[in-house]
Amino acid sequence: MTKIILEGALGKEFGREWELVADTPARALKLIDANKPGLFAWIRKNLDIYKHYEVVVGFEDGEMVEIDEDGLTHLPKKPTSIRFVPIVEGAGAASRIIAGVVIIAASVISQQYYGVSAGIAQFGIAMGASLALGGVISLLTPMQNSSVTTEERKDKTSYYFDGPVNTSEQGVAVPVIYGDQILVGSQAISVSVNIDQLI
């Protein structure tokens with residue numbers, strides 16, 4: 001029997017843990033849908049929220065592998081556990097921090113009280129920590145908004161690989177100079193105009 005774990009909203013809707021005879025993740029989903037119809041319909045209905053799913057497979061030797069699309073229908077060896085984690089697209093930094101903390105707490109609790117193996121719990125803790133740290137980093141380093149619109153960018157020629165060019169747009173990269181010889185164009189940091197220059 002293979003232990004199937006549905007995380008997040010997927011587990012809340014269809015049950016978090018299943019024990020099934022499934023040798024691939026695709027087979028596991030078909031068996032769950034056969035026992036509790038509506039799984040695939042729910043996945044299609046929530047594509048705008050959960051566009052991607054992380055699928056982690058555990059094997060008898062303790063190896064934990066995150067698989068790609070090819071691994072959904074074929075695995076190199078028999079799995080002992082298959083975990084499906086819905087990934088929320090476009091979540092804000094605060095949401096990622098909260099989700100990371102929840103995953104860490106769930107991993108610790110499941111190991112202590114429900115007998116989940118240490119390898120699975122450690123993987124959950126690592127995944128939650130990376131999610132939470134990514135949210136913290138997003139809060140500390142917000143993306144700079146460029147004043148150049150998408151349409152304006154399409155009309156402009158790119159000189160990133162054609163040699164140096166002088167620019168005066170807002171929101172473009174400022175080159176970092178190392179050494180005494182430079183091969184980059186200049187970037188205007190500040191520009192001012194007064195009445196004397198116009199007359």
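A few points about this structure:
- In this structure, D33 does not satisfy being acidic (D, E) and either modelled with pLDDT under 85 or assigned to a strand (DSSP E or B) (or both).
- Pair list, Cβ under 6 Å, 6 or more apart: the range 8-30 residue touching a residue at least 24 places away in the same chain (Cβ under 8 Å), other residue hydroxyl-bearing (S, T, Y) and buried (at least 17 other Cβ atoms within 10 Å of the Cβ): A22/T2
- Within the range 1-24, considering residues that are over 20 Å from the mean Cα position of the chain (by Cα) and assigned to a helix (DSSP H, G or I), the one surrounded by the fewest Cβ atoms within 10 Å (Cβ to Cβ): K12
- Flag if G58 is in contact (Cβ under 8 Å) with a residue 12 or more places away in the chain, among the small types (G, A, S) and closer than 21 Å to A121 by Cβ: yes
- Reported count of residues in the range 64-91, each being in contact (Cβ under 8 Å) with a residue 24 or more places away in the chain and either assigned to a strand (DSSP E or B) or exposed (fewer than 15 other Cβ atoms within 10 Å of the Cβ) (or both), is 14.
The values are calculated or read from the model by the stated rules, or taken from the named source; none is laboratory data. These numbers were taken from a predicted model, which means no experiment stands behind them. Heads up, the Cβs are rebuilt from the backbone with ideal geometry, glycines too, and the neighbour counts pull from every protein chain shown.
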